[in-house]
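Asker: Handing you this structure, nothing more for now.
The values are calculated or read from the model by the stated rules, or taken from the named source; none is laboratory data. Note that this is a predicted model, so its numbers are computed, not measured. Reconstructed Cβ throughout: ideal geometry from the backbone, glycine too, with neighbour counts over all protein chains shown. Heads up: the accessible areas ignore ligands, DNA and RNA and are worked out on the full protein's heavy atoms, side chains in. Shrake-Rupley method; radii C 1.70, N 1.55, O 1.52, S 1.80 Å.
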Amino acid sequence: MGIICEFYRVEDKIIDEFIDKPAQFERYFYDFYVNPDGEFHQEGDNFFYTDKAWDIAIYLLQSNDCSKDKILNKIDGIQVSKKIEGLNFIKSKDVELINNVMKNITTNEILASYDQEKMIKDGIYRAGWFTINNSLEYILHHVETIQKAFQKSSEKGHGILILKG
C-alpha cells in the first residue's frame, strides 16, 4: 500500500476507455488528471487528495456502513488493469450508492467506531501512528475529503478513479 490516495472525478466513458486501452490511456490520465498543471486537476472539484491517514479514514467509514449489502466495501474500487498497479475505478452507479450511505455518517459515529487495536490487527496503514489522541483533526479531514469526493462525483453523475501510491 502506498502513502497517499487520490480520488479523481471522471465520467464513466473515461473509465471505459481506460479499461479498454489501459496502456494508451495511462499517459492521458497522468498528463491531464494527475499532473498538477493538468487540465482536469482542480482540487476539491475533480481531484481529492488524501495523505497518510487515508486507510484509517476508509476503515472508519466502512465501520459505519449501515447498508444491507455493505456498499462501502466497494470504496476501494476495482483494478483498472493488471498491468497498472494502484489504479482502481468505481462507476457512477456505485458512486451514487456509496455516497447515499456515506453522507449520513456523522462525526460522532466516526469517533465511536475508532478502535486502534482492531485497526492495527487488521493491518490498516498508519493505524497506531495517527491516533485519535494525537491526530484527530487530521483523520477527520481525510474522512471529509473522501466524503466530498463521493458527494461531488455523485452530484455530477460521474465515477471515480482511485490512485494509490
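Asker: Restricting to segment 10-36, what's the tally of residues that are within 22 Å of K148 (Cα to Cα) and of a type in the set (D, E, K, R)?
Answerer: Here the count works out to 3.
Asker: Do we find a residue being among the basic types (K, R), touching a residue at least 40 places away in the same chain (Cβ under 8 Å) and within 30 Å of Y28 (Cβ to Cβ) anywhere in segment 103-110?
Answerer: No, that holds for no residue.
Asker: Does N88 count as part of a helix (DSSP H, G or I) and of a type outside the set (A, V, I, L, M, F, W, C)?
Answerer: no
Asker: Across segment 121-142, what is the total count of residues that are modelled with pLDDT of 90 or more and of a type in the set (S, T, N, Q)?
Answerer: Count: 1.
Asker: For segment 8-39, give me each residue that is farther than 11 Å from L161 by Cβ and among the basic types (K, R).
Answerer: If the condition is that a residue be farther than 11 Å from L161 by Cβ and among the basic types (K, R), then K13, K21, R27 are the ones that fit.
Asker: Residue pairs, Cβ under 8 Å, 6 or more apart or interchain, first in segment 37-49 and closer than 19 Å to Y138 by Cβ and at pLDDT 95 or above, second among the acidic types (D, E) and not in a strand (DSSP E or B). List them.
Answerer: The qualifying pairs do not exist here.
Asker: For segment 48-59, enumerate the residues that are surrounded by 19 or more Cβ atoms within 10 Å (Cβ to Cβ), within 11 Å of the chain's Cα centre (by Cα) and closer than 15 Å to L163 by Cα.
Answerer: Selection gives F48, T50, W54, D55, I58.
Asker: I'd like the residue in segment 60-86 that is within 11 Å of the chain's Cα centre (by Cα) and surrounded by 16 or more Cβ atoms within 10 Å (Cβ to Cβ) and, out of all such residues, is farthest from E11 (Cα to Cα).
Answerer: L61
Asker: Condition first: of a type in the set (F, W, Y) and without any contact (Cβ under 8 Å) to a residue 12 or more places away in the chain. Can you find one or more residues in segment 50-72 that meet it?
Answerer: no
Asker: Conditions: (1) acidic (D, E); (2) under 28 Å from L136 (Cα atoms); (3) modelled with pLDDT of 95 or more. E11 meets all but one. Number of the miss?
Answerer: (2)
Asker: Let me ask you something else. When you scan segment 115-127, do you find a residue that is in a helix (DSSP H, G or I), open to solvent by 70 Å² or more (accessible area, probe 1.4 Å) and closer than 27 Å to Q42 by Cβ, even just one?
Answerer: no
Asker: Then there is this: Please list, ordered by first then second residue, the pairs with beta carbon atoms under 6 Å, 6 or more apart or interchain, first in segment 143-156 and at pLDDT 95 or above, second open to solvent by 10 Å² or more (accessible area, probe 1.4 Å) and part of a helix (DSSP H, G or I).
Answerer: F150/N99; Q151/N99; S154/E96; S154/N99
Asker: Checking N99 against (1) without any contact (Cβ under 8 Å) to a residue 60 or more places away in the chain; (2) more than 17 Å from the chain's Cα centre (by Cα): exactly one of these is not met. Which one?
Answerer: Every listed condition holds for N99 apart from (2).
Asker: In this structure, does N133 turn out to be outside any helix (DSSP H, G or I) and more than 18 Å from the chain's Cα centre (by Cα)?
Answerer: Against the criterion (outside any helix (DSSP H, G or I) and more than 18 Å from the chain's Cα centre (by Cα)), N133 qualifies.
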